[in-house]
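Colleague: Let me give you the structure first, and then I'll get to my questions.
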Amino acid sequence: MQILVVSDLHYRLPHYDWLVEAASGVDVVAVVGDLADVVSPVPHSVQTVVLARYLELLAARGVVLVASGNHDLDGPGAHGEQMASWLRLPQPESVHVDGASVDIGDTRFTVCPWWDGPVTRDEVAAQLAAAAVDRPARWVWLYHAPPAGTPLCFDGRRTFPDQELADWIAQHGPDIVLCGHIHQAPWANGGSWHARLGDTWVFNAGKQIGKVPPHITLDTDAGTADWFGVFDSEQLSLA
């Protein structure tokens, strides 16, 4: 299985155009948060209409996994905490969003929402606990913020650790966790696009200007991860 991983596209439409074309060459597309951009002059409500159309285009090419990030939040849910309610609207059959766990072959993908408070945090904890039951050979999470204890949190000046994610990784031991959020981590001195917590691989493709977004292609059959960082590239063996 080939999994194409991007994050933090921040409503850069040329990057979405590239992603739609690239999706035809892989089995799964994973978009790990911040599809929209809260500082864009385009109203958020307009952005989400356009993004929904891109998800339809991607769905026509295969399986799509979409986790929300902090830029995707559009208002409080019933619990009063911010959420990406536009992602929870009906989606094409091959699109799996916040709160979903789906098995594809021997791999389970669990798509975690950005949480904004204790209620939604506890919902993520319950989601992971439920998905851990009868897990197949491989388990992959989508979760926008990178975990504490890894260089994926470092932007060159400060670290932005997610301790809850690190604790959930220690509790459940997923095989792979796909993240984003810290744009500069792959290029920062002391940062990285990959790390390990115990036996878990964690990845953050980063965000950079250019015609093609930074991205990672995971090949589960070959056991490799290929990172394309616009001006750099690297291959990692997952063995």
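The values are calculated or read from the model by the stated rules, or taken from the named source; none is laboratory data. If you're wondering where the values come from, they're calculated on a predicted model, not measured in any experiment. Cβ: placed from backbone, ideal geometry, glycine included. Neighbour counts: every protein chain shown. SASA here: full protein model, heavy atoms, side chains in, ligands and nucleic acids out. Shrake-Rupley method; radii C 1.70, N 1.55, O 1.52, S 1.80 Å.
Colleague: For Ser7, enumerate residues with amide H under 5 Å from its amide H, sequence gap 5+ or separate chain, H modeled in the peptide plane.
Modeller: Answer set, sorted by chain and number: Val32.
Colleague: Amide H of Ser68: which non-local residues (sequence gap of 5 or more, or other chain) have their own amide H closer than 5 Å, using H built in the peptide plane?
Modeller: Distant-sequence amide H within range of Ser68: Asp98, Trp114.
Colleague: Related question: Of all the accessible heavy-atom surface of the chain, with the other protein chains kept in place and a 1.4 Å probe, what percent is carbon and sulfur? Could you put the intermediate results ahead of the total?
Modeller: Details: 5320 of 10090 Å².
In the chain, the share of accessible area belonging to carbon and sulfur is 53 percent.
Colleague: Also, quick follow-up: Just the number please: accessible area per residue for the chain, 1.4 Å probe, all protein chains included, in Å².
Modeller: Ligands and nucleic acids excluded, the result is 42 Å² per residue.
Colleague: Let me have the 222 nm mean residue ellipticity of the chain computed from DSSP H runs of 4+ only, each contributing -39500 (n - 2.57), with the sum over all residues rounded to the nearest 500.
Modeller: Calculated mean residue ellipticity at 222 nm is -6500 deg cm²/dmol.
Colleague: Still on this structure, I have one more. Relative contact order for the chain: what percent, with Cα pairs under 8 Å and sequence separation of 6 or more?
Modeller: Relative contact order of the chain: 18 percent.
Colleague: For Arg108, Arg121, what's the largest-to-smallest order of accessible area, 1.4 Å probe?
Modeller: Most to least solvent-accessible, the answer reads Arg121, Arg108.
Colleague: Right, here's the next one. Using a simple spin-label model with points 7 Å from Cα along the Cα→Cβ vector, what separation in nm is obtained for Val49 and Phe231?
Modeller: Result for the modelled spin labels: 3.8 nm.
Colleague: Would you kindly derive the ³J(HN,Hα) couplings of segment 160-165 from the backbone phi angles with the Karplus curve 6.51 cos²θ - 1.76 cosθ + 1.60 (θ = phi - 60°), listing them in order in whole Hz, with x for Gly and Pro?
Modeller: 10, x, 9, 6, 4, 5
Colleague: Could you give the semi-axes, largest first, of the ellipsoid that matches segment 131-239, computed as the square roots of 5 times the alpha carbon gyration tensor eigenvalues and rounded to whole Å?
Modeller: Numbers: eigenvalues 101, 62, 23 Å².
Whole-Å semi-axes of the equivalent ellipsoid: 22, 18, 11.
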